[in-house]
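Enquirer: Can you read through this structure? Questions will come right after.
The values are calculated or read from the model by the stated rules, or taken from the named source; none is laboratory data. Given the structure is predicted, the values throughout are model-derived calculations rather than measurements. Here the Cβ is made from the backbone with ideal geometry for all residues, glycine too, and neighbour counts use every protein chain on show.
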Amino acid sequence: MKDLQLAAAQIGKARHLVAFTGAGISAESGIPTFRGKGGIWDQYDPIILDIDYFKQHADKAWPLIKDMFYNVIDKAQPNPAHRVLAHWEQSGLLRTIITQNIDNLHQKAGNKHVIEFHGNTRDLVCLNCHKTTPVSQADMSQNPVTCPHCGGLLKPDFVFFGEPIPAAAYQKSLKQSLDADVYLIIGTTGIIMPASLLPYEAQKNGATIIEINVSPSNYTDSISDIFLQGKASDILKQLDHLILS
Ligand code: APR
């Protein structure tokens with residue numbers, strides 16, 4: 001396919017390659033995406049992740065949050081798409097991943113330069129004393145889960161609806177997006193702001209936008225220079241092969 005060859009050539013000669021990933025890259029690791037048939041929002045009411053609802057009804061929200069994320073993500077392993085990106089970072093081709101995902105799979109695959117735009121599921125943060133507790137050190141059988149330091153309510157350390165993006169993650173993501181000369185968008189609908197705005201910043205600053213998705217997204221007809229339609233693992237394996245050969 002001509003577009004694949006074009007994309008491989010752009011990636012192969014990139015000076016500052018940045019990948020921007022969404023739930024689609026982890027779909028093949030068995031983690032459901034948010035939107036679409038069988039997605040998380042088909043099964044759960046998004047109110048559970050509203051910060052005000054969580055503060056008032058933590059006993060109702062926590063069991064569902066464990067079901068949605070912790071019981072699934074703990075068992076999930078990186079798929080070939082994550083592994084190709086790890087290989088590209090190790091070989092000096094990929095500078096940074098900006099991920100909207102909270103599943104830790106880029107790090108599990110071996111990537112070191114990962115900006116977690118929406119936080120992560122590794123840690124819990126106390127809404128009372130603000131101390132952070134790794135999930136591994138919390139009593140996750142409690143409902144709601146409480147802080148081992150002060151007994152306050154623990155909240156997953158990812159961004160809930162109604163919460164701001166962590167400032168450091170936001171600033172680093174913006175800088176990487178502005179510095180990129182090639183920007184690879186993988187498996188995201190591009191509708192959740194402000195994360196969804198980052199690729200536009202890259203494009204305005206002159207980056208070539210390459211997109212991988214099983215179906216068109218908000219970016220496809222607006223800013224994508226090359227749209228590679230297919231599963232993230234299939235397309236990334238093919239790109240890796242073309243870049244190596
Ligand atoms: N390979 C590539 N793309 C895929 C695959 C796959 N195997 N499977 C699904 N996709 C694509 C879908 O076509 C869709 O465009 O992944 C995207 C998943 O979209 P969403 O579920 O909306 O996930 P995302 O865009 O990451 O959501 C953004 O929304 O609720 C919030 O905070 C949450 O970070 C999340 C944000």
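Enquirer: So for the stretch 67-77 (the condition being within 16 Å of the ligand (Cβ to nearest atom), hydrophobic (A, V, I, L, M, F, W, C) and buried (at least 21 other Cβ atoms within 10 Å of the Cβ)), does at least one residue qualify?
Expert: Checked against the condition, which is being within 16 Å of the ligand (Cβ to nearest atom), hydrophobic (A, V, I, L, M, F, W, C) and buried (at least 21 other Cβ atoms within 10 Å of the Cβ), the stretch 67-77 yields at least one hit.
Enquirer: Let me ask something additional. Going by what's in this entry, would residue 180 be described as free of Cβ contacts under 8 Å to residues at least 40 places away in the same chain and closer than 17 Å to residue 113 by Cβ?
Expert: Values: free of Cβ contacts under 8 Å to residues at least 40 places away in the same chain: no; closer than 17 Å to residue 113 by Cβ: yes.
So residue 180 does not fit the description; no.
Enquirer: On the basis of being out of contact with any Asp or Glu (no Cβ under 9 Å at 6 or more places or on another chain), surrounded by 23 or more Cβ atoms within 10 Å (Cβ to Cβ) and at pLDDT 95 or above, does residue 198 make the cut?
Expert: Details: out of contact with any Asp or Glu (no Cβ under 9 Å at 6 or more places or on another chain): yes; surrounded by 23 or more Cβ atoms within 10 Å (Cβ to Cβ): yes; at pLDDT 95 or above: yes.
The answer is yes for residue 198.
Enquirer: A further question follows. Any idea how many residues of the stretch 208-224 are more than 9 Å from the ligand (Cβ to nearest atom) and touching a residue at least 40 places away in the same chain (Cβ under 8 Å)?
Expert: Of the residues in that region, 2 qualify.
Enquirer: Taking only the stretch 1-54 into account, find how many residues are small (Gly, Ala, Ser), within 7 Å of the ligand (Cβ to nearest atom) and over 28 Å from residue 164 (Cβ atoms). Spell out the reasoning first.
Expert: Residues of the stretch 1-54 small (Gly, Ala, Ser): 7-9, 12, 14, 19, 22-24, 26-27, 29-30, 36, 38-39.
Imposing the further condition that a residue be within 7 Å of the ligand (Cβ to nearest atom) reduces the set to 22-24, 27, 36, 39.
Pick out the ones that are also over 28 Å from residue 164 (Cβ atoms) and you get none.
Residues flagged as small (Gly, Ala, Ser), within 7 Å of the ligand (Cβ to nearest atom) and over 28 Å from residue 164 (Cβ atoms) within the stretch 1-54 amount to 0.
Enquirer: So which of 37, 66, 75, 131 is among the charged types (D, E, K, R) and touching a residue at least 60 places away in the same chain (Cβ under 8 Å)?
Expert: Working: 37 fails: touching a residue at least 60 places away in the same chain (Cβ under 8 Å); 75 fails: touching a residue at least 60 places away in the same chain (Cβ under 8 Å); 131 fails: touching a residue at least 60 places away in the same chain (Cβ under 8 Å).
The conditions single out 66.
Enquirer: Mind checking which pairs have a first residue in the stretch 145-162 that is within 16 Å of the ligand (Cβ to nearest atom) and a second that is of a type in the set (Phe, Trp, Tyr) and part of a loop (DSSP other than H, G, I, E, B), Cβ under 9 Å, 6 or more apart or different chains?
Expert: 159/117
Enquirer: Select from the stretch 206-224 the residues that are assigned to a strand (DSSP E or B) and not hydroxyl-bearing (Ser, Thr, Tyr) and list them in ascending order.
Expert: First pass over the stretch 206-224, keeping only residues assigned to a strand (DSSP E or B): 208-213.
Within the stretch 206-224, 209, 210, 211, 212, 213 meet the criteria.
Enquirer: Separate question: Say whether the condition of being in a loop (DSSP other than H, G, I, E, B) and among the β-branched types (Val, Ile, Thr) is met by at least one residue in the stretch 30-50.
Expert: Looking for residues that are in a loop (DSSP other than H, G, I, E, B) and among the β-branched types (Val, Ile, Thr), one finds at least one in the stretch 30-50, hence yes.
Enquirer: Related question: Limited to the stretch 72-112, what total is found for residues that are hydroxyl-bearing (Ser, Thr, Tyr) and assigned to a loop (DSSP other than H, G, I, E, B)? Steps first, answer last, please.
Expert: First, the residues of the stretch 72-112 that are hydroxyl-bearing (Ser, Thr, Tyr): 91, 96, 99.
So of that shortlist, the ones also assigned to a loop (DSSP other than H, G, I, E, B) come out as 91.
Of the residues in that region, 1 qualify.
Enquirer: What pairs can you find where one residue is in the stretch 49-61 and at negative phi and assigned by TED's automatic domain parsing to the domain that holds residue 143, the other is among the basic types (Lys, Arg) and part of a strand (DSSP E or B), and their Cβ atoms are less than 7 Å apart, with a gap of 6+ or different chains?
Expert: Taking only residues 6 or more apart or on different chains, the pairs are 54/155.
Enquirer: Quick check on the stretch 225-245: of everything there that is assigned to a loop (DSSP other than H, G, I, E, B) and more than 15 Å from the ligand (Cβ to nearest atom), which residue is surrounded by the most Cβ atoms within 10 Å (Cβ to Cβ)?
Expert: Once the filter is applied, the top-ranked residue is 225.
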